[in-house]
Amino acid sequence: MSGRAIGGPAQGGPTASGPTASGSAADGPAVVGSAPLVLARTKAELASARAGLDLRNGPVVLVPTMGALHAGHGTLLRAAGALAGPDGSVVVSIFVNPLQFGPGEDLDRYPRTLDDDLAMCASTGVSLVFAPSAAEMYPHGQPEVTVDPGPAGQVFEGQFRPGFFDGVLTVVLKLLHLIRPAIVVFGQKDAQQLALVRRMVSDTDAGIDVESVPTARDADGLATSSRNRYLSAADRKVALALPRALSAGQARAADGASAVLSAAQEILRSEPALAVDYVAVVDPRTFTAVRPDHGGPALLVAAARAGGTRLIDNVPLVLPAGPGGGRLSDAAAEGRARDAADD
Ligand code: AMP
C-alpha cells in the first residue's frame with residue numbers, strides 16, 4: 001500500500017513530512033502516526049488503500065460517521081474490530097454529508113475535529129479512514145439520482161427533516177460501493193436510519209451484513225452525540241428529561257404500549273423547556289406506530305429540542321402480547337390510521 005505522511009493539520013490534507021511519517025509517495029493516501037492507519041482524502045487514494053486490504057484474509061468492516069467522534073462512535077469502532085477479527089480490517093468514513101442537511105440546519109457549524117478523530121481511530125486499530133471533501137463525493141454538485149427511502153423514511157425523522165433519509169441512504173450507498181465492505185456497522189441510537197439501511201441493503205441485494213451496536217450514554221443518561229457539545233449546562237439539564245422519559249417508558253413495558261407511552265409523556269410534560277417533536281412506540285422495522293395490543297419487540301422513540309439543539313433517542317422494548325389499552329399519541333394514532341388504510 002502506498003503511503004504519504006501527514007505533518008500539518010489533518011483538516012487541511014496531507015503534507016509531505018512529519019515526525020510520525022511513513023512512506024513518501026507523491027499522491028498516495030496518508031499514513032498517520034506509528035499505527036498502520038491510512039488516511040484517504042480522495043476516491044483514488046481510497047481505491048489504492050482499499051486494494052491493500054484485499055491482501056489480508058479477513059473481512060473489511062465499515063463504520064460510516066460524520067466525525068467529531070465520541071464514546072458512542074468508540075463502541076462502534078470496537079465492535080467493528082471484533083467483527084473484523086485479527087485478519088480483517090476496519091474502515092471508518094468521516095464525512096459531513098451536505099445532502100442530509102436541510103436549509104437552516106447546522107451543516108456549517110457541525111463540529112469537524114479530524115485530528116482528534118484520527119487519534120481515536122489509530123488507538124482502536126482502524127486500518128483506513130476515508131475523509132473526502134464534499135466536492136470529492138459530489139463532483140457534479142447535487143446528484144440527480146438519489147435513493148428514495150420509501151414509506152418508513154417519510155415518518156418521524158423523515159417528517160421533521162424532509163429529504164434527510166434520501167441524503168443518508170444516498171451517501172451510504174456510495175460508501176458501500178466505494179469501500180465494498182463485507183460488514184457495515186451502525187448505532188442503534190439512530191434506529192430509523194438503521195432500519196432504513198437494512199431495508200435498502202435488502203431491497204437492493206447489496207449483499208452486505210448490517211450489524212448494530214447499542215446506544216452509548218454518558219453517566220447522566222444522555223446518549224452521547226456530536227451535537228451534545230452545543231448544549232449549555234442549563235440546556236443539558238433540560239435535555240436529560242429525554243432519557244428519563246425513555247427509561248420511565250421502558251420500565252412499563254410489561255404493561256403494554258399505551259402504558260409505556262403514557263409514562264414517557266408524563267415525564268416529558270414535566271419539563272416544559274424541552275420542545276418535543278415526537279414520542280411514539282413503533283415497530284423497529286417499519287417505524288409504524290404499534291397497536292395497543294402489540295406484542296413482541298418494539299422501540300420507544302423520541303426527538304426533542306433543548307435550547308437550539310435537537311436530540312433523538314430511543315430504547316428497545318419487549319411488549320407482552322395481549323390487550324394493551326390506553327390512548328396512543330397523535331403519531332401513534334396516525335400510524336394506526338395508515339396501517340388500516342394499507343390493509
Ligand atoms: P454520526 O457520526 O452521528 O453520523 O454517527 C455515526 C454512527 O455512530 C451512526 O451509526 C450512529 O448511530 C452511531 N452513533 C452515534 N451516537 C451513538 C451513540 N451514542 N451510541 C451508539 N452509536 C452511536
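Every number here is computed from the coordinates shown, using simple stated rules; none is lab data. Remember, predicted model here, so these are calculated numbers, not experimental data. Cβ: placed from backbone, ideal geometry, glycine included. Neighbour counts: every protein chain shown.
Could you list 255, 235 in order of exposure, starting from the residue whose Cβ has the fewest other Cβ atoms within 10 Å?
Final ranking by Cβ density, sparse to dense: 255, 235.
Calculate, in nm to one decimal, what residue 254 and residue 87 gain on full extension: separation in residues at 0.36 nm each, minus their alpha carbon distance.
Contour length minus the Cα-Cα distance gives 55.8 nm.
For the range 4-213, what is the convex hull (Cα atoms) projected area averaged across all directions, in square nanometres?
Orientation-averaged projected area of the Cα hull: 11.3 nm².
Rounded to the nearest Å, what's the spacing between the alpha carbon centres of the range 63-121 and the range 285-299? Just the number, please.
Cα centres, the range 63-121 to the range 285-299: 30 Å.
Determine the gain in length on full extension of the stretch residue 56-residue 145; use 0.36 nm per residue of separation and subtract their C-alpha separation, reporting nm with one decimal.
28.6 nm
Go ahead and run the numbers for FRET between residue 321 and residue 202, Cβ-Cβ distance against an R0 of 30 Å, rounding to 0.05.
Efficiency, rounded to the nearest 0.05: 0.70.
Evaluate the distance, in nm, between pseudo-label points positioned 7 Å from the Cα of residue 227 and of residue 133 along their respective Cα→Cβ axes.
2.8 nm
Mind giving me the FRET efficiency for residue 159 and residue 219? R0 is 30 Å, r the Cβ-Cβ distance, nearest 0.05 is fine.
Efficiency for this residue pair is about 0.40.
Which value in nm describes the separation of the simple spin-label points at residue 273 and residue 71, placed 7 Å from the Cα toward the beta carbon?
2.3 nm
Need one number: the % of Cα-Cα pairs in the range 149-188 sitting beyond the 13 Å mark.
More than 13 Å apart: 58 percent of the Cα pairs in the range 149-188.
Arrange 215, 204, 113 by Cβ neighbour counts within 10 Å, fewest through most, would you?
If I rank by nearby Cβ atoms, fewest first, I get 204, 113, 215.
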